[in-house]
Every structure is written in structure tokens, then in C-alpha cells.
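These notes concern the structure reproduced below.
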Amino acid sequence: MPNFSDIAGLLADQAIELPSWAFGNSGTRFKVFSTAGVPRDAYEKIADAAKVHELTGLAPSVALHIPWDRVDDFDKLGTHAANLGVRLGTINTNTFQDEDYKFGSLTHVDEKIRAKAIAHMHECIDIMGVTGSRDLKIWLPDGTNYPGQGDLRGRQDRLADSLQQVYARLGDEQRLVLEYKFFEPAFYATDVPDWGTSYTHCVALGERALVCLDTGHHAPGTNVEFIVAQLLRLGRLGSFDFNSRFYADDDLIVGAADPFQLFRIMFEVVRGGGYGPDSGVAFMLDQCHNVEEKIPGQIRSVLNVQEMTARALLVDRDALAEAERDGDVLGANEVFMDAFYTDVRSDLADWRTSRGLPANPMRAFRDSGYADHIAAERVGGTQAGWGA
Ligand code: LRH
Ligand code: MN
Ligand code: MN
């Protein structure tokens, strides 16, 4: 098996984008809990995200959600981010909190509402022009709850046409990433339920349309790393929304529920050429911290991704290939598991120290006094929630 020192250099390539909404108050459909010091606007969300990057060196960009993070001057927001050592990343569209979209957005039968949804996405692309963002992320709430409620095929036709209109607005360096989800908020038929549907639309659109894989958006038991391998093979894996799930779209800390799954995913990423600055694959978190502290929740998340990436990089690929060729089932499995069971935590602490980062970012955050500082400072105004 390679040594940690053999892979240490590769870890510098890791960049995990943080979601602005992870720093706001969130909850379930039963209750949204509030936490002291929660940001009141996009500027404060970016300050919190920058703290995560400062302590880990792993999170150089922040994803925005529109309209939650709409500000008067996106150029000023970008400068604010740069001053804090981060940049603005993916722009997420939102067609799931407006009365008009009760029966769909890009698939809507009413042309006026469909045009409104397309106009929203065009506005997001215009914002990307100002923020210098590469990716427009589309996740749709569209779908039906009852058989017969909508014409499944007609909805696909309208979706294809709407996406075409959105795609046409992209600049040469910009990309569209289409996220799928098998259920919720629609329960009978979701219009982009799986990677195959997303892939089909992306291929029809063109090269700069790619699939976004949210790890929480699959049926229990789905082999997610197979999807990763397949999309990389097809050249259409655009981005990840990382999180953990026990039951549904739980949005828990990535690597918390099933670190082995995260390891398997990262192994397929590495093996399939999806790791590294030129891979074209964007790594993002899509999480909410309902009961735990938010900034430490994000720190723990990026550390979990780094830990499983390091272990995935440690797999002895030559020995694995040989065992696979020889039909040595248990030998191959052992090579794989050897890397998974390797504890890299103290090596990663040394790696951080060597880069001028705190050996233990969780403790460094606790000791920094930042949580008390924001709790005292951010009084007044409305604290941001999972939403505006
Ligand atoms: C939908 C989703 C999508 C949204 C985010 C807030 O479940 O994963 O990515 O934009 O949650
Ligand atoms: Mn998501
Ligand atoms: Mn989700």
C-alpha cells in the first residue's frame, strides 16, 4: 500500500464548496430551531464559510442560493468574499418556494408560469456573470402526487424545451448542472428522478450540461459509487452535493452515517479521473445543521471528506488490479479494505501543521472565540433561515 507521504501532495488539490444555507437556521417540517449568532444576510454567511476555510484550507468557495442570497450588489459581495479569502461559487436556482410553482416550474402546463421559471434561471445566469461563477445548479420540485394528475411525457417535453432556453443563455465558460432526486416534494412521479433522466436531458442540451449527484437523493440501498463510475465514464459527472442519509434526504453531515460509502465514492472518483483541479467535477456540501452547531458542523464535514479521500488515495491500485485479474475475490477485497481501515488522522494533523493550518481545526474553532463573538454581534435584524 502507498505511504501517506506518497499521497500527501495530492491532498492539496482538494476543494469542497460550502452551501451558504448551511449557516442559516434550519429544521424539519415540524420545527425550525434558532441558534445564537446565525447570519443575518449573505455577507455574514460568507464570513462564516470563510472561517471554515481559514481553519481547514479545504473550502475556498461558497455556493449561493437565489433568492435566499440575493443582494443589491453581487460585485460587492464577491469583493467581500475575496477579502476574506474565499470566492463565490455555484449559483443554485429556486423554484420550490413560490405559489406559482404549485404544479411545476420548468414543466408547467401554463406557458406564463413556465416562462417565469425560465426567467428566474436567466437571472441566475446574469448573476453568475457578475460573481464569476462557473455553474448554474438546477434542482426542480416538479412532479405529481397522483397517477393521472399530469401527462408524464408532456412534462418531459416541456422540461426539455425549458432547459434548452436556459442552456442557450450560458456563456462559453459556464455550465448547467442538473440535479436529480427520486422523491419529494412530489411523491408519485418526479420529473427528474434519477441520473438517467438527468443524463438524457444533459446529452440533448450539449457538452456544458452535466449531472449533479446529491448523495441523499437515492432510494435506500442504491449503489451510488456505481453511478459515479458510470457518469465519469460518460464524461457527464458535473458535481456532487455531499451529505449523509439514514432514511431519506436527511442532509446530515457527510461521512457521518456511512463513512464506508463516502470512501467507496471517493475511490471511484479517483479511479475515474474525477479528482483534481482539471477534472471538471465540483465537490459541494448540501447540508443543514438543525441540532448541532453550524460552523463546526461544516468543519467536521470537510474533514470527513478529506479523511475518506486520503484513504481512497491509499488504495494499492496495482495490487487491486492484479487481484481483480486473477479472480482473487477475497484478495481484492482485502486490498480495498486495507486502505479503508487505515487511520490517517494523525498524518492529516501533521499535513495541516506543515501548511500552517491548525492541527485540530475543530478545537481551533472552539478556542477562537468566534462563536461567542458572532452571538454577541449578530443581534437585531432577522436571522437567516433555510431560506432568506
Ligand atoms: C433539494 C436540494 C437541492 C436544493 C437544496 C436546498 O433537496 O438537495 O440541491 O437546492 O436541497
Ligand atoms: Mn442537493
Ligand atoms: Mn436534497
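Computed from the coordinates by the stated procedures, all read-outs in this text should not be read as laboratory data. Because the structure is predicted, anything quoted here is derived from the model rather than measured. Cβ sites come from the backbone with ideal geometry, for glycine too, and all protein chains shown count toward neighbours.
Looking at the chain, which longest stretch skips every one of the chymotrypsin sites (Phe, Trp or Tyr not before Pro) that is in a DSSP loop with at most 13 other Cβ atoms within 10 Å, leaving the sites themselves out?
248-340
With a cut-off of 8 Å between alpha carbons and a minimum separation of six or more residues, what is the relative contact order of the stretch 14-306 in percent?
Numbers: 549 pairs, mean separation 55.6, N = 293.
Relative CO of the stretch 14-306 lands at 19 percent.
Taking only the alpha-carbon positions of the chain and ignoring solvent, what does the Debye formula give for the base-10 log of I(q)/I(0) at q = 0.10, 0.11, 0.12, 0.14 Å⁻¹?
For the chain at q = 0.10, 0.11, 0.12, 0.14 Å⁻¹, log10 I(q)/I(0) is -0.66, -0.80, -0.95, -1.28.
Ranked highest first by average number of other Cβ atoms within 10 Å, how do 5-16, 117-128 line up?
Result, highest mean first: 117-128, 5-16.
Just 76, 181, 294 to compare: in a GNM of the chain, with alpha carbon springs under 10 Å, which one fluctuates most?
Maximum among the listed residues: 76.
So what's the gap between the Cα centers of the stretch 27-94 and the stretch 305-362, to the nearest angstrom?
After rounding, the separation between the Cα centres reads 32 Å.
How much length is gained on full extension from residue 183 to residue 343, taking 0.36 nm per residue of separation minus their Cα-Cα distance?
54.0 nm
Between residue 321 and residue 151, what FRET efficiency comes out of the Förster formula 1/(1 + (r/R0)^6) with R0 = 41 Å and r the beta carbon distance, rounded to 0.05?
E(calc), rounded to 0.05, equals 0.25.
Any idea how many Lys pairs in the chain come in under 22 angstrom at the alpha carbon, given 8 or more places apart or on separate chains?
13
In nm, give the distance between the simple-model label positions of residue 75 and residue 222, each being 7 Å from the Cα along the Cα-to-Cβ direction.
Modelled inter-label distance: 4.2 nm.
I want the antiparallel fraction of DSSP beta bridges within the chain, as a percent rounded to 5.
Antiparallel: roughly 15 percent of the beta bridges in the chain.
Along the charge dipole of the stretch 199-353, Cβ charges K/R +1 and D/E -1, which of 321, 336, 227 sits furthest on the positive end?
227
In the stretch 43-74, which trypsin sites (Lys or Arg not before Pro) are in a loop and have at most 12 other Cβ atoms within 10 Å, using DSSP for the loop call? Numbers along the way, then the final one.
Details: sites: 45, 51, 70; in loops: 70.
Here no loop site has a sparse enough neighbourhood.
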